[in-house]
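Undergrad: Okay, here's the structure, questions in a sec.
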Amino acid sequence: MITLPNIDPSMIANNLTPFEPTHPGELIRDELEERNMTQVKLAERIGVSPSLLNEVVNGKRGINTELALLLEAALGISADMWLKLQADYNMQVAKSDSKFMSRLAQIRKIAAVL
């Protein structure tokens, strides 16, 4: 019989959280570079202002459902993927906020008593 060592689940590669969460805008930037396309050209193609797209690319604004669908139409990358990337990013940012996590811990303590 093989005995497996006790491994901390947080140290398993699939459970690791990146030090810096990757905003989906970074992936848009990479995709534009790969296609030799400018932000302005993509913004025109999907009918949004260049400043809006720039804010997304620079991580100052998130990807909502409508933008995800527009990106899917223009780039052929699933809207579901864009939304999942945004949700993952939002979760990582929330979990790295110590003040919020402290608040969450307090709520869990209260809920455990109920």
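The values are calculated or read from the model by the stated rules, or taken from the named source; none is laboratory data. Fair warning: this is a prediction, and the values are worked out from it, not measured in the lab. Ideal geometry is used to build each Cβ from the backbone, glycine not excepted, and the neighbour counts take in all protein chains shown. Keep in mind that these areas ignore ligands, DNA and RNA; they rest on the heavy atoms of the full protein, side chains included. Shrake-Rupley method; radii C 1.70, N 1.55, O 1.52, S 1.80 Å.
Undergrad: Between Gly59, Gly47, Gly25, where does the largest GNM mean-square fluctuation fall for the chain, given springs only between Cα atoms within less than 10 Å?
TA: Gly47
Undergrad: For the range 62-114, which semi-axes, largest first and in whole Å, follow from the square roots of 5 times the eigenvalues of its Cα gyration tensor?
TA: Taking √(5λ) for each eigenvalue gives 34, 11, 7 Å, largest first.
Undergrad: Rounded to a whole number, what % of the accessible area of the chain do carbon and sulfur atoms account for, probe 1.4 Å?
TA: That share works out to 56 percent.
Undergrad: Same structure, new question: Quick one: give the max-minus-min coordinate of the C-alpha atoms of the range 17-114 along each principal axis, largest first, in Å.
TA: Principal-axis extents of the Cα atoms in the range 17-114, largest first: 55, 24, 21 Å.
Undergrad: Of the peptides 63-71, 35-43, how do they stack up when ordered by the mean number of other Cβ atoms within 10 Å, highest first?
TA: Order by mean packing, descending: 63-71, 35-43.
Undergrad: To the nearest 20 Debye, how big is the dipole of the chain about its Cα centre, given +1 on the beta carbon of each Lys and Arg and -1 on that of each Asp and Glu?
TA: That gives a dipole near 560 debye.
Undergrad: Using Cα pairs closer than 8 Å and at least 6 residues apart in sequence, work out the relative contact order for the chain, in percent. Mind showing how you got there, number by number?
TA: On the way: 70 pairs, mean separation 26.5, N = 114.
Computed value for the chain: 23 percent relative contact order.
Undergrad: Still on this structure: In square angstrom, what is the accessible area per residue of the chain with a 1.4 angstrom probe?
TA: Heavy-atom accessible area per residue stands at 75 Å².
Undergrad: At 7 Å along Cα-to-Cβ for each site, give me the label-to-label distance between Asn64 and Ser51 in nm.
TA: Rounded to a tenth, the inter-label distance reads 1.7 nm.
Undergrad: Alpha carbon centre of the range 20-61 versus the range 80-104: separation in Å?
TA: Centre-to-centre (Cα) distance: 21 Å.
Undergrad: At Leu104 and Glu44, where each label point lies 7 Å from the Cα along Cα→Cβ, what is the point-to-point distance in nanometres?
TA: Label-label distance for Leu104 and Glu44, simple model: 4.3 nm.
Undergrad: Suppose only helical runs count, i.e. DSSP H with n ≥ 4. What mean residue ellipticity at 222 nm does that imply for the chain under -39500 (n - 2.57) per run, divided by all residues and rounded to the nearest 500 deg cm²/dmol?
TA: Here the helix-only value at 222 nm equals -19500 deg cm²/dmol.
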